[in-house]
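Report on the structure given below.
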Amino acid sequence: MTRPRRLLLAAAAASTVVAASIAVIGTAEAASTLGASAAQSGRYFGAAIAAGRLGDSTYTRILRTEFNSVTPENEMKWDATEPQQGRFNYTNGDRILNEGLSNGAKVRGHALLWHAQQPGWAQSLSGSALRNAAINHVTQVASHYKGKIYAWDVVNEAFADGGSGARRDSNLQRTGNDWIEAAFRAARAADPAAKLCYNDYNTDGINAKSTGIYNMVRDFKSRGVPIDCVGFQSHLGTGIDSTYQANLKRFADLGVDVQITELDVAQGGNQANIYATVTRACLAVSRCTGITVWGIRDTDSWRGGENPLLFDGSGNKKAAYTSVLNALNAGGTTTPPTTTPPTTPPTTTPPPTGGACSATVTLNSWNGGYVANVRVTAGSAAVNGWTVTTTLPSGSAITGVWSATNTGTSGAVSFRNVAYNGQVPAGSSTEFGFQGTGTGPGTLTCAAA
């Protein structure tokens with residue numbers, strides 16, 4: 001990860017190490033590289049890479065030989081891609097993209113929104129200004145890479161450590177509990193073909209944090225919020241939780257892909273076995289589509305001194321490398337299912353009756369487009385369903401909507417509540433949003449159902 005962050009590594013005393021002998025596969029049957037062996041079962045085996053290391057011949061030789069997926073370590077994060085508000089810089093992100101695509105590798109985008117590594121200007125924002133800026137960032141970056149990214153970590157590390165299973169307090173969370181949903185809807189609108197993932201750490205077994213995320217994913221799936229995959233970072237110590245595989249499976253059973261996204265393991269007597277155990281767990285879950293290690297050589301790792309990767313500092317293969325390769329070659333040929341991400345959420349009908357309402361809009365505009373954040377406020381009586389109408393200026397067209405369903409995309413348009421935000425208590429508010437080309441709307445009218 002190449003950045004500081006609190007990490008609670010699994011300790012041997014609190015974990016169960018699944019020790020197993022590594023089967024040796026005959027060379028006539030075995031693929032000889034990590035990427036090729038993963039591809040036998042329709043999966044990828046990737047590495048997180050840094051643009052600044054692409055001039056290192058040993059680094060690039062291993063990268064281009066061994067891996068069939070790449071993830072940028074830092075080059076697609078908010079501080080790198082939008083260092084000044086509305087001014088985007090894709091130079092190093094494009095280097096990572098081109099490196100991957102030129103070698104036939106999948107490219108995972110990491111990460112659109114995260115409470116850390118925000119540019120200074122975003123850190124100074126709050127409320128609707130931050131929400132609008134965040135959604136605009138998702139829209140612009142995902143649009144820039146449209147059709148080229150296999151999967152996006154849309155939101156990264158939004159849940160707290162500890163036993164609460166609750167969301168992490170952050171400036172993004174304080175914009176409203178629907179910020180994660182809004183980000184996923186904006187990402188889907190910007191790049192309908194990309195897999196959209198939620199990514200987090202300390203979720204390597206069935207625990208309070210992973211269960212909080214599980215409940216969010218289950219809720220999203222039940223309401224048609226576009227989420228396609230969940231990433232398990234898997235920064236491991238000298239042990240691995242005995243429920244690791246079961247945890248992957250329970251998420252997969254919700255109808256999402258699961259991916260090991262940032263795997264590294266502290267060096268010790270169990271390193272090779274832990275790597276093999278993670279690999280076998282992925283192979284045993286049909287919707288586990290791939291594994292990414294966070295770096296290539298030990299000297300490239302953010303975990304200085306722990307030597308947690310598959311190659312030593314000189315680029316030599318370690319015992320952990322052999323254990324992974326053998327596990328991949330022994331793992332069978334179960335191919336993960338191929339799914340097409342939905343492009344629109346299901347339409348819901350609001351419940352009848354209710355009081356009066358009003359609607360106000362906040363616009364974040366740039367040359368050629370805008371994001372509109374709309375607040376619906378109930379009057380002196382509760383609202384049990386609402387419809388907001390407006391007329392878009394000539395040349396304006398809606399390209400994406402979240403927390404509402406729309407009728408029409410240009411001219412006279414209307415937005416209706418979805419199931420979870422139709423009931424608004426007297427004097428209270430709810431929000432939805434949309435993005436579009438051209439210039440945004442002026443007056444909005446709200447009618448209660």
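The values are calculated or read from the model by the stated rules, or taken from the named source; none is laboratory data. Since the model is a prediction, treat every value here as computed from it, not as a measurement. All accessible areas refer to the heavy atoms of the entire protein, side chains included, with ligands and DNA or RNA removed. Shrake-Rupley method; radii C 1.70, N 1.55, O 1.52, S 1.80 Å.
By the equivalent-ellipsoid construction on the alpha carbon gyration tensor, the chain comes out with semi-axes of 42, 23, 19 Å, ordered largest to smallest. With all protein chains kept in place, the per residue accessible area of the stretch 357-448 amounts to 40 square angstrom at a probe of 1.4 angstrom.
Ligands, DNA and RNA left out, the 1.4 Å accessible surface of the stretch 357-448 is 49% carbon and sulfur atoms. Rg and Dmax over the alpha-carbon atoms of the stretch 357-448 stand at 12.6, 40 Å.
Note on R131: accessible area approximately 10 square angstrom, rounded to 10, probe 1.4 Å, nucleic acids and ligands left out. Dividing the alpha-carbon radius of gyration of the stretch 62-146 by the rule-of-thumb value 2.2 N^0.38 Å gives 1.18.
The 1.4 Å probe gives accessible areas that order V401, V265, largest first, as V401, V265.
Taking only protein heavy atoms and a 1.4 Å probe, the accessible area of the stretch 153-204 is 49% carbon and sulfur.
Accessible area per residue for the stretch 93-216, computed on protein heavy atoms with a 1.4 Å probe, is 29 Å². Over all projection directions, the Cα-based convex hull of the stretch 140-183 averages an area of 4.0 nm². Cross-link reach is defined here as a Cα-Cα straight distance under 13 Å, omitting same-chain residues fewer than 8 places apart; for K209 the aspartates and glutamates meeting it are E157, D161, D200. The alpha-carbon of K106 sits under 18 angstrom from the alpha-carbons of these aspartates and glutamates, leaving out residues fewer than 8 places away in its chain: E66, E73, E75, D94, D153, D191, D228, D257, E262. The stretch 371-411 and the stretch 244-274 have Cα centres lying 42 Å from one another.
Taking the three principal axes of the alpha carbon atoms in the stretch 205-259, the coordinate ranges are 39, 19, 16 Å, sorted in descending order.
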